[in-house]
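Structure first, then comments.
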Amino acid sequence: MLQQRTLKSLTKAVGVGLHSGQRVELTLRPAAPDTGIIFRRVDLPQPVDIAISALAVTDTRLASTISSGTVKVLTVEHLMSACAGLGIDNLYIDITAEEVPILDGSAASFVFLLQSAGIELQNAPKRFIKVLKSVEVREESSEGGGASAKWARLSPYDGYKLSFEIDFDHPAVDSTGQRVEFDLSSGSYTRDIARARTFGFTKDVEMMRANGLALGGGLDNAIVMDDYKVLNSDGLRYNDEFVKHKILDAMGDLYLLGKPLLAAYSAFRSGHAMNNKLLRELLSHTDAYEIVTFEDEKKAPAGFATLARAW
Ligand SMILES: [Zn+2]
């Protein structure tokens with residue numbers, strides 16, 4: 001049986017929020033089978049739980065924010081990406097402020113945290129959302145001409161793979177790989193995707209700071225570019241780090257569905273808003289997906305049983 005997974009023990013991290021600049025403590029704790037992933041704001045007089053779900057996403061302007069009533073957690077996507085990459089189904093995430101710490105701007109620190117706590121196999125079948133029919137969201141270009149400015153799609157696939165293409169019209173980004181395809185069953189998430197950092201442009205950063213955003217951002221947790229070049233003295237971690245970060249983000253955004261997908265995701269210039277729209281589009285077509293388990297590992301998508309052992 002492909003089993004659900006949680007942590008063996010609890011683990012903690014301290015950092016600052018990318019946008020709020022606030023110091024925040026994070027505690028990741030094991031959770032029982034079928035709990036799912038639950039954020040708990042432990043800084044409030046009464047702790048408030050926010051279970052991840054596509055419908056809990058309430059703001060996607062700069063990062064993915066989830067809410068329950070008026071209580072929020074910002075910038076959940078890199079931690080969610082690490083959970084997706086390592087196949088964590090059940091987890092409590094206690095947090096002492098409104099925003100997940102940015103750490104090094106990638107998912108690598110979260111992967112390290114989860115792996116150092118150790119992963120526990122649970123006595124319950126892992127549940128996947130298997131896409132049966134393609135769903136798609138598009139935004140047409142405001143310049144017209146019929147070409148789509150951006151789009152994202154989920155299609156049936158026996159496994160989980162993502163392909164992403166970027167188009168930034170910036171010399172430093174254009175000189176790198178513009179398209180990446182990643183198949184989870186390759187087992188290379190930690191090596192090939194998790195280390196890709198978030199990125200930003202100095203002109204946007206100045207505007208964001210003026211609006212009280214990106215207060216925790218800097219060269220130690222983001223790739224920062226002026227109009228021409230990357231400003232980080234040690235350069236890029238991958239020669240296609242930008243598009244790989246978009247894959248990392250998409251894995252995190254899509255994991256907010258609450259269960260891992262069996263699907264092929266493909267996207268052109270998508271972002272947090274469009275990724276969430278795509279999930280809502282999927283959920284609105286109840287004939288486009290079903291929930292499946294694999295009592296017999298041999299019936300799981302090729303590579304998944306091996307992946308489950310190697311994770
Ligand atoms: Zn990101």
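The values are calculated or read from the model by the stated rules, or taken from the named source; none is laboratory data. None of these values were measured; they are calculated from a predicted model. With ideal geometry, Cβ positions are generated from the backbone for all residues, glycine too; neighbour counts draw on all protein chains shown.
Structure summary
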| read-out | value |
| --- | --- |
| Spans of helices (runs of 4 or more DSSP H) in the stretch 199-311 with at least 1 residues among the hydrophobic types (A, V, I, L, M, F, W, C), away from the ligand (no atom under 14 Å from the Cβ) and within 25 Å of T65 (Cβ to Cβ) | 202-210, 272-284 |
| Test for F201: is it within 29 Å of Q22 (Cβ to Cβ) and touching a strand residue (DSSP E or B) at 6+ places or on another chain (Cβ under 6 Å) | yes |
| Number of the condition not met by G217 [criteria: (1) buried (at least 21 other Cβ atoms within 10 Å of the Cβ); (2) in contact with a Ser or Thr (Cβ under 7 Å, 6 or more places away or on another chain)] | (2) |
| Hits in the stretch 160-198 (condition: away from the ligand (no atom under 16 Å from the Cβ) and basic (K, R)) | K161, R179, R191 |
| Residue that is more than 15 Å from K259 (Cα to Cα), modelled with pLDDT of 95 or more, more than 15 Å from the ligand (Cβ to nearest atom) and among the charged types (D, E, K, R), where the choices are E99, E136, E143 | E136 |
| Subset tally (residues that are of a type in the set (S, T, N, Q) and either outside any loop (DSSP other than H, G, I, E, B) or crowded, with 19+ Cβ neighbours inside 10 Å (or both)) for the stretch 21-43 | 1 |
| Residue match in the stretch 92-103 (condition: in contact with a helix residue (DSSP H, G or I) (Cβ under 8 Å, 6 or more places away or on another chain) and surrounded by fewer than 21 Cβ atoms within 10 Å (Cβ to Cβ)) | no |
| Filtered residues of the stretch 44-80 (kept if within 16 Å of the ligand (Cβ to nearest atom), under 15 Å from L279 (Cβ atoms) and not in a strand (DSSP E or B)) | T60, S64, V76, E77, M80 |
